[in-house]
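Engineer: Below: one structure in structure tokens.
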Amino acid sequence: MALLFFISVSKKIQTYLTDNNIIPRKDAGPGVWLTFLLPLSIILGELTNKNTSHTYKTVACISCGLFAHTVIFLAQVNKNIFFSVTALVIPCSLSAILLFYLSNEGVLLSILYGISTISAYHASIFPLMKLFPRNFTYGEATVAAQGLVLFLLSSFIRNPLGSASCLDKSTVIVQFGILWVMGIGAAAYHFNWKRKPTQFYSSVLLTMIFILLLPLYFLIGESPLTWILSLIIQDNILQILVFYWSICCLLGVLTIYLQIRKGNKASTVVRKTFHLLTVMVFAPGIILRPCFLFLASGVVFGIFIAIDMLRILQIPPLGSILQTGYIKFADEKDEGPLALTPLYLLLGCSLPLWIHPDPERSELLPLISGLLSVGIGDTAASACGSLVGKNKWPGSKKTKEGSAACFLSQLFLVIALIHFGYIPRTNLIKPTFAIALVSIVEAKTDQIDNLAMPLLMYVMTIWKWK
């Protein structure tokens, strides 16, 4: 029954997109099921963890509204109703009530947050797909819209920094940094700085000092650069990690340089090199210093956005160079204006860290859900499928041998982590079931693996099974 419902809704969304000249990503269905994953991940994070922060409780309350919006909206789409008051009033009311009772917001703020966030999400999905044609399926666009709304909300509602932890300060730095990059991008587009590179770079320098670094100094009580440097200087293990990460980054840059020198398009095997480098970076970071990895991954995400902004706007002298590299590494899913493949790889491995309420004291399994599914499983599936894959799944380019490699590689890593004491010696039923489900999704889905698999794995691993 549920399957028939999703098939019906998917067809109607596809028809709506066609009728309104909205061009989704090529050779992919709407991916309606993706819409549930991010709100559900955050709701489960709140339900399964005690003493979550005020900000996390607020985001969880809004996530309940987003989840309710998804249920109501899809039910109405099934009746060919795409815009109605009901799809807004009920989710907004639910979020406002939960905010008032659970996060101790006042009546006015609860109503304001509930209405503004749900309405912004509701109004942004289809315009986002229209603004960036061929970049998103419907499901992928909803995840992007949900993530943006929740990010802006959490940036506005911050925890008090009186006795700020490493995670609190890192969160503020990442939030301000990404907001600054987004602001620079919007200004560069609006003022057409493509033709005025001097004005662009001088604006970047001035705003970095007065809009980014100076406010951060007052918010965290010291210079963010000094604070980051002191973290490294005072921690011998972190010094080794930073040195090791620098080598990994150099290897990545060298791979890109050599591929551009060769002049031909990167093969799947070459692209999967970056999956392995991501595993090499994230694995020791999550185990040894999750807070610093949280900070570093957020900073790198902001850098990726800035790089793509320079490429899209063709701001000299880097714009044309970045476009050349993009052409060499883009795959069949990169037909839109945005270069989402590297962003999705980083997001897939980072999201569990970013959306977990307490990554420094969490069990390891939820935190490595992206690393496990994308870095290990997806890479093994691709490599094995390319090298020895012969038996394809019906209606798919993916092979059964690749799916077996996806499942076994993840399972072997979990068993190894249990053996070395990084994961508790409980039963293997939960991780095995999660790995099996993710492996099936990897084989069958036409959505972006790097986005779908980590969120699904996170939901399965953070859920407290009885």
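The values are calculated or read from the model by the stated rules, or taken from the named source; none is laboratory data. Just so it is clear, the model here is predicted, and its values are computed rather than measured. In this analysis, Cβ positions are derived from the backbone assuming ideal geometry, glycine residues included, and neighbour counts consider all displayed protein chains.
Engineer: So which of Pro197, Pro224, Pro215 ends up being closer than 30 Å to Lys130 by Cβ and not hydroxyl-bearing (Ser, Thr, Tyr)?
Structural biologist: Going through Pro197, Pro224, Pro215 in turn, just one is closer than 30 Å to Lys130 by Cβ and not hydroxyl-bearing (Ser, Thr, Tyr): Pro197.
Engineer: Mind counting the residues in the range 142-152 that are in contact (Cβ under 8 Å) with a residue 40 or more places away in the chain and buried (at least 19 other Cβ atoms within 10 Å of the Cβ)?
Structural biologist: 5
Engineer: Still on this model: Which residue pairs have Cβ atoms under 9 Å apart, sit 6 or more places apart or on different chains, and have a first residue in the range 188-199 that is without any contact (Cβ under 8 Å) to a residue 24 or more places away in the chain and a second that is in a helix (DSSP H, G or I) and among the hydroxyl-bearing types (Ser, Thr, Tyr)?
Structural biologist: Phe191/Ser203
Engineer: On to the next question. How many of the residues making up the range 327-366 are within 13 Å of the chain's Cα centre (by Cα) and part of a helix (DSSP H, G or I)?
Structural biologist: Here is the first cut: in the range 327-366, the ones within 13 Å of the chain's Cα centre (by Cα) are 340-356.
Restricting the remaining residues to those that are part of a helix (DSSP H, G or I) gives 340-355.
Of the residues in the range 327-366, 16 are within 13 Å of the chain's Cα centre (by Cα) and part of a helix (DSSP H, G or I).
Engineer: Collect the residues in the range 218-243 that are loosely packed, with under 12 Cβ neighbours inside 10 Å and under 20 Å from Ile286 (Cα atoms), keeping them in residue-number order.
Structural biologist: Once the filter is applied, which keeps residues that are loosely packed, with under 12 Cβ neighbours inside 10 Å and under 20 Å from Ile286 (Cα atoms), the range 218-243 yields Leu229, Ile233, Gln234, Asn236, Ile237, Phe243.
Engineer: Among all residue pairs at least 6 apart or on different chains, which show Cβ distances below 8 Å where the first residue, located in the range 81-102, is over 14 Å from Phe67 (Cβ atoms) and in contact (Cβ under 8 Å) with a residue 12 or more places away in the chain and the second is assigned to a helix (DSSP H, G or I) and polar (S, T, N, Q)?
Structural biologist: Close Cβ pairs (under 8 Å, with a partner that is assigned to a helix (DSSP H, G or I) and polar (S, T, N, Q)) amount to Phe82/Gln76; Thr86/Gln76; Leu88/Ser119; Ala96/Ser110; Ile97/Ser110; Leu99/Thr58; Leu99/Ser110.
Engineer: Just to be sure before I move on: is Ile376 under 23 Å from Asp331 (Cβ atoms), surrounded by 20 or more Cβ atoms within 10 Å (Cβ to Cβ) and not small (Gly, Ala, Ser) in the structure I sent? Let's see the steps before the verdict.
Structural biologist: On the way: under 23 Å from Asp331 (Cβ atoms): yes; surrounded by 20 or more Cβ atoms within 10 Å (Cβ to Cβ): yes; not small (Gly, Ala, Ser): yes.
When the stated conditions are applied, Ile376 passes them.
Engineer: Also, quick follow-up: Test each condition in (1) crowded, with 23+ Cβ neighbours inside 10 Å; (2) over 27 Å from Arg134 (Cα atoms); (3) hydrophobic (A, V, I, L, M, F, W, C) for Phe73 and report the one that comes out false.
Structural biologist: Every listed condition holds for Phe73 apart from (2).
Engineer: Is one or more of the residues making up the range 389-398 on the phi > 0 side of the Ramachandran plot and loosely packed, with under 15 Cβ neighbours inside 10 Å?
Structural biologist: Within the range 389-398, the first condition is being on the phi > 0 side of the Ramachandran plot, and the residues that meet it are 395.
Filter once more, keeping what is loosely packed, with under 15 Cβ neighbours inside 10 Å: 395.
Within the range 389-398, one or more residues are on the phi > 0 side of the Ramachandran plot and loosely packed, with under 15 Cβ neighbours inside 10 Å.
Engineer: Say we look at the range 430-466 and pick out the residues that are part of a helix (DSSP H, G or I) and among the aromatic types (Phe, Trp, Tyr); which of these is nearest to the chain's Cα centre (by Cα)?
Structural biologist: Initially, the range 430-466 is screened for residues part of a helix (DSSP H, G or I), giving 430-444, 449-462.
From what's left, among the aromatic types (Phe, Trp, Tyr): 433, 458.
Values: Phe433: 23, Tyr458: 12 Å.
Among those residues, the one meeting the criterion is Tyr458.
Engineer: Which one of these does Thr341 not meet: (1) modelled with pLDDT of 95 or more; (2) closer than 16 Å to Met453 by Cα; (3) of a type outside the set (A, V, I, L, M, F, W, C)?
Structural biologist: (1)
Engineer: Which of the residues that make up the range 438-466 are surrounded by fewer than 16 Cβ atoms within 10 Å (Cβ to Cβ), under 25 Å from Ser396 (Cα atoms) and either without any contact (Cβ under 8 Å) to a residue 40 or more places away in the chain or among the β-branched types (Val, Ile, Thr) (or both)?
Structural biologist: Matches in the range 438-466: Ile440 only.
Engineer: I would also like to ask the following. Do you know which of the residues in the range 385-404 that are assigned to a helix (DSSP H, G or I) and over 20 Å from Ile448 (Cβ atoms) is nearest to the chain's Cα centre (by Cα)?
Structural biologist: Selected residue: Ala404.
Engineer: Select from the range 405-424 the residues that are without any contact (Cβ under 8 Å) to a residue 12 or more places away in the chain and either part of a helix (DSSP H, G or I) or among the β-branched types (Val, Ile, Thr) (or both) and write down the one among them that is farthest from Ser297 (Cα to Cα).
Structural biologist: Here the answer is His419.
Engineer: Quick check on my filter: what residues within the range 100-127 are surrounded by fewer than 18 Cβ atoms within 10 Å (Cβ to Cβ), of a type in the set (S, T, N, Q) and at negative phi?
Structural biologist: Within the range 100-127, Ser116, Ser119 qualify.
Engineer: Continuing with the same structure: Output yes when any residue across the range 448-455 is of a type in the set (Val, Ile, Thr) and in contact with a Leu (Cβ under 7 Å, 6 or more places away or on another chain), and no when none is.
Structural biologist: no
Engineer: Determine which single condition Ala434 fails, assuming it passes every other condition in (1) closer than 26 Å to Leu288 by Cβ; (2) in contact with a Gly (Cβ under 8 Å, 6 or more places away or on another chain); (3) aliphatic (A, V, I, L, M).
Structural biologist: (2)
Engineer: From the list Lys169, Lys130, which residue is surrounded by 22 or more Cβ atoms within 10 Å (Cβ to Cβ) and among the basic types (Lys, Arg)?
Structural biologist: One residue alone meets the criteria, Lys169.
Engineer: Show me the helices (runs of 4 or more DSSP H) entirely contained within the range 42-161 in which 2 or more residues are modelled with pLDDT of 95 or more, closer than 22 Å to Ser8 by Cβ and within 23 Å of the chain's Cα centre (by Cα).
Structural biologist: 54-77, 107-131, 138-156
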